[in-house]
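Visitor: For reference, the structure I am asking about is given below.
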Amino acid sequence: MTATESVHVATETAARVDPVTYEIVRHRLWAVADEMAMTLIRTAGNPSITEVHDFMVAVFTPDGQIALGGWGGNRHVSCTAQACKGILERFPAEEIHEDDVFLLNDPYVAAIHQQDVYVIAPVHLDGRLVGWVGNFTHLADIGGIDPGTSPRATDVRQEGLRIPGLKIVDRGVLREDVWDTLLNMTREPEMNALQLKAQMAANNTGKAKLRALMARVGVETYRAIVARMIAHSEATLRARLRELPDGTWRTREYYDTKDRLYRIVLAMTKTGDRLHFDFTGTTEQAPSFVNCTYWGARGGIFVAVSSMLGYGLPWNQGLLRPLSLTVPEGTLLNCRFPAPMSAGTIAASRFATVASWSTVSTMLAMSERFGDEMSAIWTAGSSGVRVSGRNRDNRYFVLTPFAGAGGGGARRFADGVEASGTPNNPLHSIPNIETLERNAPLLYLIRRQMADSGGPGQHRGGVSTEIAFAIHRAPEGVIHCIYSGSGREPAQSHGLLGGLPGCNTYMELHADTGLREALRDGTPLDAESLGGEVRGLPPQGLFDMDERAVLYARSDGGGGLGDPLLRAPEAVLRDVQAGLLTPRQAEERYGVVLDVARAAVDGAATRERRRELRAARIGKRAADLPPAGDAAEGSVAFPVAIDGATDAARCAACGGALGPLHENWKQQAVERSEPLAALGELWTSTMFVLRSYYCPRCGVLLEAEMTLPEDPPVHSYTPPGVQQ
Amino acid sequence: MSTTLPRALTESSGIVDPVTYEIVRHRLWIICDEMAQTLIRTAGSPSVTEANDFIVALFTAEGDIALGGWGGNRHLSCTAQAVKGILARFPATAIHEDDMFLLNDPYVAAIHQQDVYVLSPVHWQGKLVAWTANFTHLPDIGGIDPGWSPRATDVRQEGLRIPGMKIVARGVLREDVWNTFLNMTREPEMNALQWRAQMAANHTGKAKLRALLAKVGVETYDAIVARMIAHSEQALRARLRQLPDGTWRTREYFDTQDRMYTVALAMTKDRDQLTFDFAGTSEQAGSYINCTYWGTRGGLFVAVCNMLGHGLAWNEGLLRPLSVTVPEGTLLNCRFPAPVSMGTMAASRLATVAAWSTVSSMLAMSESLADELSAQWQSGSSGATLCGVNRDRREFVLQLLADSGGAGARRFADGVSSSGATSNPLHSIPNIETLERNAPIRYVFRRQLADSGGPGHRRGGVTTETAFTIHKAPRGVLAGELHGSGFEPAMSHGLFGGLPGCNTCCEVWSASDAPPAPGDGEPPLAAAESGSVRRLPPQGLFELDATTMYYCRSNGGGGLGDPLLRPPGQVLADVQAGLVSPGQARTVYGVVLGDGQHVVDTAGTAALRHALRVARLDGAAGGSPTTAPAAATEVAKPVRYDLQRGVAACAACGRELGPVRENWKARAVEHAAPLGDLGTLMTSTLFVLRSYSCPGCGVLLDAEMTLPQDPPIHGYSPTESLRLAEDSR
């Protein structure tokens, strides 16, 4: 029986299940997943789990379909399902026993990157395989060329442990020799052992609870209910898709390494109740660790689909069924063996998320009903550091201090969340400073939100955080740092619908500072008194920190939504008062004239200034502008109205015509480019421009592309049947 | 080192009749041979089938060496340690019939990780009675670089490291574990074949051993093995007792691109005990050249087996009279997590070289054992790994196994030419055709090299030089990794006045204009003239493309005794055979050839040699030789120690060189010259040859290959003289 057939049969059985039992079991499954997560959080020890929640727990059907994705990094849901299938393929049925446990972390088989190890356990009842439970945590180190992640790798075989599917527990007995051998190759054997044991414990919890549930309701009923849950998610997703317009949405995202820029090109086509993602045009694979395999790309888009189209539904196999995916082999998003990919999660896979986030959001923005689900891009770059060396107890350590948290993308109904972190893990959190300082010989100097870092827009992107730390009581007087970030050049958290990008990520190392003297003398610390020599750091690499060094890093802010000149002036005032915006940006980007003395907006002056700014955008005199909608605190409107009846695109603000639908309306708009850095000093890019498209009639900002100057305009939307 | 006997007591062997003893003893040899044949015929990789880079051995149930068979004997003590590692890690109840174990962790037992030990318990009637084991060198084990890891600074960058793991459980392969491990390597198919061959070799050993047990019974078998071990131990102790007591010292060098490492060894013989003390050795390196204690013990075991264990079964008995002190944190006993993937060719080999020097010097003092000694055999390395895409468009990693330097000169004969190192008596270089079949390369030449052997009364063996280009490589490029040494120090030094063999040298020759077209026309021999030559540092990565040729030469063997004492007829024969150039014959050997270099000019030679001896003493007190050296001067004993009188003297002329408790070098005529003066094959820029000549007759008594700032080596101090010195104080 194929998977689909089995679901159909089960669906029929499910029809006979009474609704009360269905609801009880469905909720019980959620509770099982929750208990698995709690087991992990309470036993795994590493702050990456206990505080950051960098894990995922899920329940699967016997044939490895997602029954329920629980807490955590949802892009791993489809990968863990693939891992179950990998185990089923590698091990004949008679070798999968009750109380076996399997490990898998090979991205060429199922995973995104090797540090995230899937621990998978079959669930048996009366000797029959009735399901799987699985989870991952991010191990501090898996051996290989560099501690934690491998910026110097050019080949996956330099990146340490890579397990295509291995039985680590055989019928309840740990294969201790294999266990010891694997741990022996890593730099954090004790922490890894604790985490992997915690992962086993989480599975044991899930297994015990599932078995109890099945003992109560019977395996057949259980399976029928799971099948119905899957069918329900699928049917609901398809219904939502049918309500949305057909067509193709396009985007172009950028990823920067020290040596070159990579483009992630996506054309998403919606036809009826199906959604196809086509990454043709994406840059060829990288010689360094920033790639991902097909599984990472698929997991990446699942984040956008589950978060924005799958809201309120169980995240299960049903959400994957309406999707199809084309990722050309040999590209950044579907690399060929033996390309390295130990930064795949925050590099290529994340950009599958960012690209699909752009296209899904734009699609949703065209729907009144679903528009509130969309948002501009959430913090897409990374400024994460991994530190290693000798700890205060003189033992070796590897730790990811989670530098900070970028901002959320602006939403149609509200601003972006400040210091939100990325959307790939709804549970993502940053750990307590004290926890980090306890786990590594570090001293944090700052961690705080940063004015102007959110992308300007009618709804503003969430601001990001900046951090600085020094080493503290490190026995060797030095620690080693590895970082695998991006977003130094492209401002990756771009805006949508005329919103502007959040700031760039940035990292710099202050060498030979006066930190020690300041600490000794109790002098307050600030950038000026630190002194020393400042070195900006490229997006990925390695460096050492000695006792006089200070590392400074900031994340990127969320993207904005809508023309900033349409932002309610009172909201701008609130931002200035809350320290989220400087008066200068309020005036320059938002066109708001503040009466500082009275802490109020000068309404008339603001209206006048905004009108002048709009006129200047299109080279007109203010007096010649038609009346465009006044700024208000309501929803952000889709700026280019699609008028199917007349086959025309129009400016939503003034009704001005923008040409026939099958052409790119941008040809009719007024185009202006300015260096990205013109947005302010937090935009450190030297190569990128902000290419703005304004309504030629009213001067409203319709779209702002964060782009390389040589790249053509993106044709964001084409109705069905139109060839680009 | 363990002094406990195996569980069958030595005395019990008394019950075995001599005929059974001899039959079983020989049967064990045959079992090892059959294991080796199984490996050779199934392992596929030329490193096994042609270079014989493996070992096979039998062990007792407790992991003592029962019999070391063919192959790299430094791995014998390590494999024994590996068996002990398995016994420590796995409870007796978890070691079953037809289990098989892997171990390659140098911090547990191994020398470097590429040499993976496959270990099989042998059960008889449900009881563990023995182990069979072997290693082969895997082409790649994952990690930072293919094959070996020159860029590693941490052992966790060097790929697979297995502290002891069961790979076969009761006859069933753990396929998932197997696949996981192969999956992390760059040559999973060749590795799988080699591992399977290793398992097959163990199967052969196990089956034959069980057949033997069925015939003679386990009691008799145990008794015979115990007696074999006891016999080797007793014979070694008897040999040691024949030798004078005392302390022998040496200093060896190892070069990396960044710095020079020193290995210092003081070997003390006290009655029938031999103590090796490596105090004074350089601290551990930041790169892969280190070894752990096991590598050092294995390394010195090579010198002990070969020179003191001749004619004996190589087993636990040879280890018992030894004790080893290696300071922790040094090159020869590195601390975790220092990288070690070049341990075999670097630190462990240096332990062999140092022990070879001291054991040879000790043997020189015994008439009956002196023919066992020799100067240094090829001690440096020109080992390289090639990798890339092969003609069949598949990825490959291949060990080039180019090493075939010369052997050290012996008391009774010259060194063997193109011998390879001493660490494996079976070592061989593969056929050119085999290498060309296994990698997209074409050899331009592989040939012996004149003047490369260390000059001496007995000459060191000459080395080989090889060159190849890439050939039909689909991508037009290959990546190389060099794990060499001896580019600065001429590591195969001489003894007793013999001179060192040439330096190791590896180069990439580039054609400047037209790239050579492999397969069409002449080999690109002209590259050096029309293009450029880049000399490679001893360790690191390099690249070859269609315009380049790879050239390398290993070092020649060390010489023995003063070259001016070499019979002129032998020098003539060498010139005629192309092993020595007429120039070297004249300048180093002092031999004048006449008649188109077909005859020795006897008178001219005598005059030249006298002049050269005069020159040695030039400027020294006395000015010129007062006596001529005796015609039949001993090769290996230029300084005679009269322990009764407590005086050292020149063996050639009888000139006294002071009390034995002092270093006689203080009374010899010392002269230092750059090593490069020995000829163009000496590429060293830092090292000197520091010669000590007899002030009486001008005979060369010792020639140290040394850094100029390092003090003279006090080669030997008799225990007796030390005691006297103590008393007189």
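Visitor: Can you tell me which residue in the stretch B:76-91 is farthest from the other protein chains (Cβ to nearest Cβ), limited to those that are touching a helix residue (DSSP H, G or I) at 6+ places or on another chain (Cβ under 6 Å) and buried (at least 24 other Cβ atoms within 10 Å of the Cβ)? Working first, answer last.
Guide: As a first pass, look at the stretch B:76-91 and keep what is touching a helix residue (DSSP H, G or I) at 6+ places or on another chain (Cβ under 6 Å): B:77-78, B:81.
Pick out the ones that are also buried (at least 24 other Cβ atoms within 10 Å of the Cβ) and you get B:77-78.
Working: B:Ser77: 22, B:Cys78: 18 Å.
Selected residue: B:Ser77.
Visitor: Considering each of B:Val56, B:Val83 in turn, give the residue that is part of a helix (DSSP H, G or I), closer than 22 Å to B:Leu173 by Cα and modelled with pLDDT of 95 or more. Write out each step before concluding.
Guide: Details: B:Val56 fails: part of a helix (DSSP H, G or I).
Just a single option satisfies the conditions, and that option is B:Val83.
Visitor: Another one. Of all residues in the stretch A:131-155, which are touching a residue at least 60 places away in the same chain (Cβ under 8 Å), out of contact with any Gly (no Cβ under 7 Å at 6 or more places or on another chain) and more than 9 Å from chain B (Cβ to nearest Cβ)?
Guide: A:Gly131, A:Gly134, A:Asn135, A:Phe136, A:Thr137, A:His138, A:Gly148, A:Thr149, A:Thr154
Visitor: Among the numbered criteria (1) at the interface with another protein chain (Cβ under 9 Å from one of its Cβ atoms); (2) touching an Asp or Glu at 6+ places or on another chain (Cβ under 6 Å); (3) among the charged types (D, E, K, R), which one does B:Glu175 miss?
Guide: (2)
Visitor: Quick one: in the stretch A:311-358, of everything that is of a type in the set (D, E, K, R) and away from chain B (no Cβ under 14 Å), which residue is surrounded by the fewest Cβ atoms within 10 Å (Cβ to Cβ)? Show your work before the answer.
Guide: Narrowing the stretch A:311-358 to residues of a type in the set (D, E, K, R): A:321, A:329, A:336, A:350.
With away from chain B (no Cβ under 14 Å) added as a condition, the list becomes A:321, A:329, A:350.
Details: A:Arg321: 21, A:Glu329: 11, A:Arg350: 31.
Here the answer is A:Glu329.
Visitor: Return yes when A:Gly206 is of a type in the set (Gly, Ala, Ser), within 14 Å of chain B (Cβ to nearest Cβ), surrounded by 17 or more Cβ atoms within 10 Å (Cβ to Cβ) and within 30 Å of A:Ile49 (Cβ to Cβ) and no when it is not. If you could, list the steps in order and put the result at the bottom.
Guide: Numbers: of a type in the set (Gly, Ala, Ser): yes; within 14 Å of chain B (Cβ to nearest Cβ): no; surrounded by 17 or more Cβ atoms within 10 Å (Cβ to Cβ): yes; within 30 Å of A:Ile49 (Cβ to Cβ): yes.
Against the criterion (of a type in the set (Gly, Ala, Ser), within 14 Å of chain B (Cβ to nearest Cβ), surrounded by 17 or more Cβ atoms within 10 Å (Cβ to Cβ) and within 30 Å of A:Ile49 (Cβ to Cβ)), A:Gly206 does not qualify.
Visitor: Moving on. Do you know which residues across the stretch B:656-713 are in a strand (DSSP E or B) and surrounded by fewer than 18 Cβ atoms within 10 Å (Cβ to Cβ)? Can you show your working first?
Guide: Initially, the stretch B:656-713 is screened for residues in a strand (DSSP E or B), giving B:656-659, B:669-674, B:688-693, B:700-706.
Once the filter is applied, which keeps residues that are in a strand (DSSP E or B) and surrounded by fewer than 18 Cβ atoms within 10 Å (Cβ to Cβ), the stretch B:656-713 yields B:Glu656, B:Gly658, B:Pro659, B:Glu670, B:Ala672, B:Ala673, B:Pro674.
Visitor: Considering B:Arg335, B:Arg297, B:Arg320, which residue is in contact (Cβ under 8 Å) with a residue 40 or more places away in the chain, surrounded by 24 or more Cβ atoms within 10 Å (Cβ to Cβ) and charged (D, E, K, R)? If you could, list the steps in order and put the result at the bottom.
Guide: Details: B:Arg335 fails: surrounded by 24 or more Cβ atoms within 10 Å (Cβ to Cβ); B:Arg320 fails: surrounded by 24 or more Cβ atoms within 10 Å (Cβ to Cβ).
So the residue among B:Arg335, B:Arg297, B:Arg320 that is in contact (Cβ under 8 Å) with a residue 40 or more places away in the chain, surrounded by 24 or more Cβ atoms within 10 Å (Cβ to Cβ) and charged (D, E, K, R) is B:Arg297.
Visitor: A follow-up question, please. Mind checking which pairs have a first residue in the stretch B:45-60 that is among the basic types (Lys, Arg) and a second that is crowded, with 24+ Cβ neighbours inside 10 Å, Cβ under 8 Å, 6 or more apart or different chains?
Guide: Short answer, once both residue conditions are applied: none.
Visitor: Name, by its number, the condition in (1) surrounded by 24 or more Cβ atoms within 10 Å (Cβ to Cβ); (2) more than 7 Å from chain A (Cβ to nearest Cβ); (3) within 16 Å of A:Met185 (Cβ to Cβ) that does not hold for B:Asn134.
Guide: Unmet condition: (3).
Visitor: Then there is this: Considering only residues that are touching a residue at least 24 places away in the same chain (Cβ under 8 Å) and more than 27 Å from A:Ile145 (Cα to Cα), look in the stretch A:524-547 and name the one that is farthest from the chain's Cα centre (by Cα). Walk me through how you get there before you give the answer.
Guide: Keep residues of the stretch A:524-547 that are touching a residue at least 24 places away in the same chain (Cβ under 8 Å), which gives A:525, A:534-547.
Narrowing further to those that are more than 27 Å from A:Ile145 (Cα to Cα): A:525, A:534.
Working: A:Leu525: 33, A:Val534: 30 Å.
Among those residues, the one meeting the criterion is A:Leu525.
Visitor: Still on this model: Identify the residue in the stretch B:528-569 that is among the acidic types (Asp, Glu) and part of a strand (DSSP E or B) and, among all such residues, is nearest to B:Phe487 (Cα to Cα). Steps first, answer last, please.
Guide: Quick first cut of the stretch B:528-569, residues among the acidic types (Asp, Glu) only: B:529, B:543, B:545, B:562.
Those still in the list that are part of a strand (DSSP E or B) too: B:543, B:545.
Details: B:Glu543: 19, B:Asp545: 24 Å.
Checking each candidate, the answer is B:Glu543.
Visitor: Going by the structure shown, is A:Glu674 surrounded by 16 or more Cβ atoms within 10 Å (Cβ to Cβ) and either at positive phi or modelled with pLDDT of 95 or more (or both)?
Guide: On the way: surrounded by 16 or more Cβ atoms within 10 Å (Cβ to Cβ): no; either at positive phi or modelled with pLDDT of 95 or more (or both): yes.
In short, no.
Visitor: Right, next: Just need a number here: residues in the stretch B:300-315 that are surrounded by 24 or more Cβ atoms within 10 Å (Cβ to Cβ), part of a loop (DSSP other than H, G, I, E, B) and among the aliphatic types (A, V, I, L, M).
Guide: Result for the stretch B:300-315: 0.
Visitor: What is the number of the single condition among (1) among the charged types (D, E, K, R); (2) buried (at least 24 other Cβ atoms within 10 Å of the Cβ); (3) without any contact (Cβ under 8 Å) to a residue 12 or more places away in the chain that B:Arg349 does not meet?
Guide: Every condition holds for B:Arg349 apart from (3).
Visitor: State all residues of the stretch B:110-128 that are over 17 Å from B:Leu58 (Cβ atoms) and within 28 Å of the chain's Cα centre (by Cα); if no residue qualifies, say none.
Guide: So the first thing to find is which residues in the stretch B:110-128 are over 17 Å from B:Leu58 (Cβ atoms), and the list is B:110-116, B:125-126.
B:Ala110, B:Ile111, B:His112, B:Gln113, B:Gln114, B:Asp115, B:Val116, listed by residue number.
Visitor: Counting only residues that are hydrophobic (A, V, I, L, M, F, W, C) and outside any helix (DSSP H, G or I), which one in the stretch A:504-536 is surrounded by the most Cβ atoms within 10 Å (Cβ to Cβ)? Walk me through it before giving the result.
Guide: Taking the stretch A:504-536 first, the residues hydrophobic (A, V, I, L, M, F, W, C) are A:507, A:509, A:511, A:515, A:518-519, A:525, A:527, A:530, A:534.
Right, trim to outside any helix (DSSP H, G or I) and you get A:507, A:509, A:511, A:525, A:534.
Numbers: A:Met507: 24, A:Leu509: 20, A:Ala511: 15, A:Leu525: 17, A:Val534: 14.
The residue in question is A:Met507.
Residue by residue, here is whether (1) over 16 Å from A:Ala304 (Cα atoms); (2) crowded, with 19+ Cβ neighbours inside 10 Å; (3) more than 27 Å from the chain's Cα centre (by Cα) holds:
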residue: A:Ile225; (1), (2), (3): yes, yes, yes
residue: A:Met229; (1), (2), (3): yes, yes, no
residue: A:Ala235; (1), (2), (3): yes, no, no
residue: A:Arg240; (1), (2), (3): no, yes, no
residue: A:Arg250; (1), (2), (3): no, yes, no
residue: A:Tyr254; (1), (2), (3): yes, yes, no
residue: A:Lys258; (1), (2), (3): yes, no, no
residue: A:Ile264; (1), (2), (3): no, yes, no
residue: A:Thr271; (1), (2), (3): yes, no, no
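Visitor: What is the residue count in the stretch B:178-193 for residues that are facing chain A (nearest Cβ under 8 Å) and crowded, with 22+ Cβ neighbours inside 10 Å?
Guide: Just the residues of the stretch B:178-193 that are facing chain A (nearest Cβ under 8 Å), to begin with: B:179-180, B:183-186.
Adding the requirement that they be crowded, with 22+ Cβ neighbours inside 10 Å leaves B:180, B:184-186.
Qualifying residue count, the stretch B:178-193: 4.
Visitor: Shifting gears a bit: For the stretch A:171-191, enumerate the residues that are within 21 Å of B:Ile162 (Cα to Cα), in contact with an Asp or Glu (Cβ under 7 Å, 6 or more places away or on another chain) and more than 9 Å from every other protein chain (Cβ to nearest Cβ).
Guide: Hit for the stretch A:171-191 is A:Glu188, nothing else.
Visitor: Which condition number does B:Met199 fail, the rest of (1) surrounded by fewer than 24 Cβ atoms within 10 Å (Cβ to Cβ); (2) within 20 Å of A:Pro340 (Cα to Cα) being met?
Guide: (2)
So that you can scan it fast, the table gives a plain yes or no per residue for (1) of a type in the set (S, T, N, Q); (2) touching a Phe, Trp or Tyr at 6+ places or on another chain (Cβ under 6 Å); (3) at pLDDT 95 or above; (4) assigned to a helix (DSSP H, G or I):
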| site | (1), (2), (3), (4) |
| --- | --- |
| A:Ala286 | no, no, yes, no |
| A:Phe289 | no, no, yes, no |
| A:Gly296 | no, no, yes, yes |
| A:Gly318 | no, no, yes, yes |
| A:Phe351 | no, yes, yes, yes |
| A:Val360 | no, no, yes, yes |
| A:Met363 | no, yes, yes, yes |
| A:Glu368 | no, no, no, no |
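Visitor: Could you identify the single residue in A:Ala110, A:Ala58 that is over 19 Å from A:Met200 (Cα atoms), at pLDDT 95 or above and over 18 Å from the mean Cα position of the chain (by Cα)? Spell out the reasoning first.
Guide: Numbers: A:Ala58 fails: over 19 Å from A:Met200 (Cα atoms).
That would be A:Ala110, the only listed residue that is over 19 Å from A:Met200 (Cα atoms), at pLDDT 95 or above and over 18 Å from the mean Cα position of the chain (by Cα).
Visitor: Scan the strands (runs of 3 or more DSSP E) fully inside the stretch A:652-724 and keep the ones with 3 or more residues being under 32 Å from the mean Cα position of the chain (by Cα) and charged (D, E, K, R). If you could, list the steps in order and put the result at the bottom.
Guide: Numbers: elements: A:657-660, A:670-675, A:689-694, A:701-707.
Here the list reads A:670-675.
Visitor: Quick check on the stretch A:616-634. Is at least one of its residues among the basic types (Lys, Arg) and modelled with pLDDT of 95 or more?
Guide: So the first thing to find is which residues in the stretch A:616-634 are among the basic types (Lys, Arg), and the list is A:617, A:620-621.
When the remaining residues are screened for being modelled with pLDDT of 95 or more, the result is A:617.
Yes, the stretch A:616-634 contains a residue that is among the basic types (Lys, Arg) and modelled with pLDDT of 95 or more.
Visitor: Still on this model: Looking only at residues in the stretch A:426-456 that are part of a strand (DSSP E or B) and touching a helix residue (DSSP H, G or I) at 6+ places or on another chain (Cβ under 7 Å), which one is surrounded by the fewest Cβ atoms within 10 Å (Cβ to Cβ)? Working first, answer last.
Guide: Restricting attention to the stretch A:426-456, the residues satisfying the condition of being part of a strand (DSSP E or B) are A:442-449.
Checking the rest, the ones that are also touching a helix residue (DSSP H, G or I) at 6+ places or on another chain (Cβ under 7 Å) come to A:442-444, A:447.
Values: A:Leu442: 22, A:Leu443: 17, A:Tyr444: 15, A:Arg447: 18.
Here the residue is A:Tyr444.
The values are calculated or read from the model by the stated rules, or taken from the named source; none is laboratory data. This is a predicted model, so every value here is computed, not measured. Note that each Cβ is placed from the backbone with ideal geometry, even for glycine, and that neighbours are counted across all protein chains shown.
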